[in-house]
Structures are given as C-alpha cells and as structure tokens.
Amino acid sequence: MTTQTDQAEITGLVDRFFRALDAREFTPGWADGFLTPDARMETPLGTSEGAAAVRATEEALGRYDRTQHLASGVIADTDERADGAAGTARASWNALMVHVHHDATLFQVGGVFEAELTRTGDGWRFARTAVRAVWTQGRPPARVARTPARQPSAPQVG
C-alpha cells in the first residue's frame, strides 16, 4: 500500500530529476541522488544501463541549447517486500527543447514517463525509467526514433 509519504517522496524525486536535467549541472555523481547504480533508462534515443545511462542522458541533452521538462499527475504505487520496498511511478510528461546546431527552432515532445523504484538507505531511487513519446511537434534531433506509447488508444502524430 502506498502511503502519503511514499507518494510525496516519489513525486518529489520525479520533479527533482526533471529539474536536474534542465539545470545540467552534471558534476561527478550528480545522478546518485536519482538512480540506482545499475539503473536502466529507456528513451526515444535508445536504452542504456548504469554509468552508460548517465552518459547517454548527458549526451542527449547536449543536443539542445535549452530544455524544460514537465511532469504532472504522478501516480506512485509501492510494495513492501522482504528485501526492502519497491515501487512504480507513472506520469504525463512534456519537454520543450531548443536545438543547438540547427536554426534554434523549438522541438516539443509529450508522452508518458514510467519508472520502477527501489527504496535505499538514502530514499527512493529509480531502478528503471522509460520515456514513451506519444506526440511530437517540430523537428527532432538526429537519431530520434519514435516509440509507441504502451496505451494502444494513445494518438500518434506523424
């Protein structure tokens, strides 16, 4: 059963994670407050794990001059287990991004953010994150492949 405290902590983790991506203060260890060491990250740019996931995130954001990530409607579900606590989170997600190398046009993407979480001694951390694009507007950067949302009724804009 998810407590109000767990819901608030997980919602806060989602908010702080997206804020950290936009702030781009990628000092060594920046992701330790968000991810387990073996975290798996799935994005429209690909899937990576552990330290490679952190590097891939930093590289992906380097394609843009500025970004603003927004998450809303975070729904968390937690489960106490013999070996600790696990949880899931789902949120609506939008990102606005300005290209670095092109004509500084705006690229927008919206979709679903999903995560599996583990409670550590330092609080909740993402063990897996998945960003599923449902719609885009503008020109995506090179190598962006659209991934279908898990909801079959979600509209796809092409």
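For the range 7-43, name all the residues that are over 16 Å from G73 (Cβ atoms), among the hydroxyl-bearing types (S, T, Y) and surrounded by 13 or more Cβ atoms within 10 Å (Cβ to Cβ).
Answer for the range 7-43, where residues must be over 16 Å from G73 (Cβ atoms), among the hydroxyl-bearing types (S, T, Y) and surrounded by 13 or more Cβ atoms within 10 Å (Cβ to Cβ): T36, T43.
For Q4, state whether it is touching a strand residue (DSSP E or B) at 6+ places or on another chain (Cβ under 8 Å), surrounded by fewer than 18 Cβ atoms within 10 Å (Cβ to Cβ) and not charged (D, E, K, R).
no
Just name the residue that is nearest to D65 (Cα to Cα) out of those in the range 109-136 that are polar (S, T, N, Q) and either in contact with a Cys (Cβ under 6 Å, 6 or more places away or on another chain) or at pLDDT below 95 (or both).
Per the stated criteria, the residue is T136.
So which pairs qualify, if the first residue must be in the range 4-16 and more than 17 Å from A31 (Cβ to Cβ), the second must be polar (S, T, N, Q), the Cβ gap must be under 7 Å, and the two must be at least 6 apart or on different chains?
From residues that are more than 17 Å from A31 (Cβ to Cβ), the pairs are D6/T78.
Taking the condition modelled with pLDDT under 95, closer than 18 Å to Y64 by Cα and not aliphatic (A, V, I, L, M), does T147 pass?
no
I'd like to know if the range 21-39 contains one or more residues that are among the charged types (D, E, K, R) and farther than 30 Å from T2 by Cα.
Checked against the condition, which is being among the charged types (D, E, K, R) and farther than 30 Å from T2 by Cα, the range 21-39 yields at least one hit.
For the range 50-70, what are the residues that are over 19 Å from R139 (Cα atoms) and either polar (S, T, N, Q) or crowded, with 16+ Cβ neighbours inside 10 Å (or both)?
Once the filter is applied, which keeps residues that are over 19 Å from R139 (Cα atoms) and either polar (S, T, N, Q) or crowded, with 16+ Cβ neighbours inside 10 Å (or both), the range 50-70 yields A53, V54, A56, T57.
Test each condition in (1) without any contact (Cβ under 8 Å) to a residue 60 or more places away in the chain; (2) surrounded by 18 or more Cβ atoms within 10 Å (Cβ to Cβ); (3) within 15 Å of the chain's Cα centre (by Cα); (4) in a strand (DSSP E or B) for F107 and report the one that comes out false.
(3)
Looking only at residues in the range 12-68 that are part of a helix (DSSP H, G or I) and among the aromatic types (F, W, Y), which one is nearest to T105 (Cα to Cα)?
In this case the residue turns out to be F18.
Quick one: how many residues across the range 67-91 are without any contact (Cβ under 8 Å) to a residue 40 or more places away in the chain and farther than 17 Å from E116 by Cβ?
Here the count works out to 3.
The values are calculated or read from the model by the stated rules, or taken from the named source; none is laboratory data. Since this is a predicted model, take the numbers as computed values, not measurements. Every residue, glycine among them, receives a Cβ derived from its backbone with ideal geometry; neighbour counts consider all protein chains shown.
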